[in-house]
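Undergrad: Quick one: the structure is below, questions incoming.
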């Protein structure tokens, strides 16, 4: 199991790095709306998590003799997801601390600009206070690292659950018995 977890955890981590860099290059070279930037960011985070599925399938087929239980698949998936979760959180924290320290502030200013036209003055003032509180949290590197790790781990856990349902197979005897009963 260790071999599969390390291999696919490293693949997913490297893919997270590549997608982060590509996303950064794309966003700095063009003028995109906040929603387009958000969608690209989601894709950069979630696409590399496909290696969770492939790692679980590899473990089932190449290491475990073609069978895996739901809990066994879930365990492999959750172990794989720890590496890209921590790795991406580290990349993100380095980025917002040293490369672009005004990252969250710039996003907040763009959001406020949009809210200025859609909210009443009282709602806008409340939104400004809410943004200031969130910005204070986001600028804390420990908070930033922890929230990104938990966020990606949660997304990976969902992918692991879905993959475990898709990939689970009992022993060959159970599979043959079930096929004969149908």
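The values are calculated or read from the model by the stated rules, or taken from the named source; none is laboratory data. Keep in mind that this is a model prediction, so the values were computed, not measured. Positions of Cβ are generated from backbone atoms using ideal geometry, with glycine treated the same way; all protein chains shown enter the neighbour counts.
Undergrad: For the list (1) within 30 Å of residue 167 (Cα to Cα); (2) under 17 Å from the mean Cα position of the chain (by Cα); (3) touching a residue at least 60 places away in the same chain (Cβ under 8 Å), I need the number of the one condition that residue 92 fails.
TA: (1)
Undergrad: Search the range 17-36 for residues being touching a residue at least 24 places away in the same chain (Cβ under 8 Å) and surrounded by 15 or more Cβ atoms within 10 Å (Cβ to Cβ), and hand back the single one that is farthest from the chain's Cα centre (by Cα).
TA: 24
Undergrad: Condition first: over 21 Å from residue 66 (Cα atoms), part of a helix (DSSP H, G or I) and either modelled with pLDDT under 90 or in contact with a strand residue (DSSP E or B) (Cβ under 9 Å, 6 or more places away or on another chain) (or both). Now tell me which residues in the range 138-180 satisfy that.
TA: 138
Undergrad: Next up: Filter the range 51-70 down to the residues that are touching a residue at least 60 places away in the same chain (Cβ under 8 Å) and in a helix (DSSP H, G or I), then identify the one that is farthest from residue 150 (Cα to Cα).
TA: At the first step, the residues of the range 51-70 found to be touching a residue at least 60 places away in the same chain (Cβ under 8 Å) are 52-53, 56-57, 60, 63, 66-70.
Still in the running and in a helix (DSSP H, G or I): 52-53, 56-57, 60, 63, 70.
Working: 52: 16, 53: 19, 56: 21, 57: 24, 60: 27, 63: 29, 70: 23 Å.
The residue in question is 63.
Undergrad: While we're on this one: Determine whether the range 96-117 contains at least one residue that is surrounded by 16 or more Cβ atoms within 10 Å (Cβ to Cβ) and more than 19 Å from residue 33 (Cα to Cα).
TA: yes
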